[in-house]
Amino acid sequence: MARIEIDEQRCKGCGLCTIICPKQLIILCSKVNNLGYTVAVFDPSAINCTGCTLCAEICPDVAIKVFK
Ligand code: SF4
Ligand code: SF4
C-alpha cells in the first residue's frame with residue numbers, strides 16, 4: 001500500500017495536488033501553517049493510494065513525498 005507525506009510548512013495551499021489526484025485523496029483543510037497558508041492534507045484512512053506520484057510531481061513547492 002502506498003502513502004504520501006505532505007510537509008505542511010512547505011505547502012502554499014495552491015490546491016494542485018487536490019485536483020490531480022485520481023483517487024481524490026488530498027484535500028485542503030482549515031489548518032494554517034507558519035506562513036499563513038491553508039495546507040493540503042492526505043486522508044489518513046486512505047487505502048487506495050496507488051503511489052502514482054502525480055501529486056508529488058505537480059507540487060511546485062516540493063512538499064510531497066510518496067512512499068510505496
Ligand atoms: S500518489 Fe497518486 S494516488 Fe497517491 S495521493 Fe498522490 S496522486 Fe493520489
Ligand atoms: S501542490 Fe504542494 S503547495 Fe500546492 S496544495 Fe498541494 S502540497 Fe500544497
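Go through the stretch 2-39 and give me each residue that's within 10 Å of ligand 1 (Cβ to nearest atom) and touching a residue at least 24 places away in the same chain (Cβ under 8 Å).
Matches in the stretch 2-39: 2, 3, 4, 6, 17, 20, 21, 22, 23, 25, 26.
Could you identify the single residue in 29, 59, 52, 11 that is more than 8 Å from ligand 2 (Cβ to nearest atom) and surrounded by 13 or more Cβ atoms within 10 Å (Cβ to Cβ)?
52
Any idea which of (1) more than 11 Å from ligand 1 (Cβ to nearest atom); (2) at pLDDT 95 or above is the one residue 64 doesn't satisfy?
Only one criterion is unmet by residue 64, namely (1).
Mind checking which residues of the stretch 1-51 are charged (D, E, K, R) and within 12 Å of residue 63 (Cα to Cα)?
Matches in the stretch 1-51: 5, 7, 8, 10, 12.
The values are calculated or read from the model by the stated rules, or taken from the named source; none is laboratory data. The shown structure was predicted, so the numbers you read here are calculated from the model rather than taken from an experiment. Glycine gets a Cβ as well: all are built from the backbone with ideal geometry, and neighbour counts include every protein chain shown.
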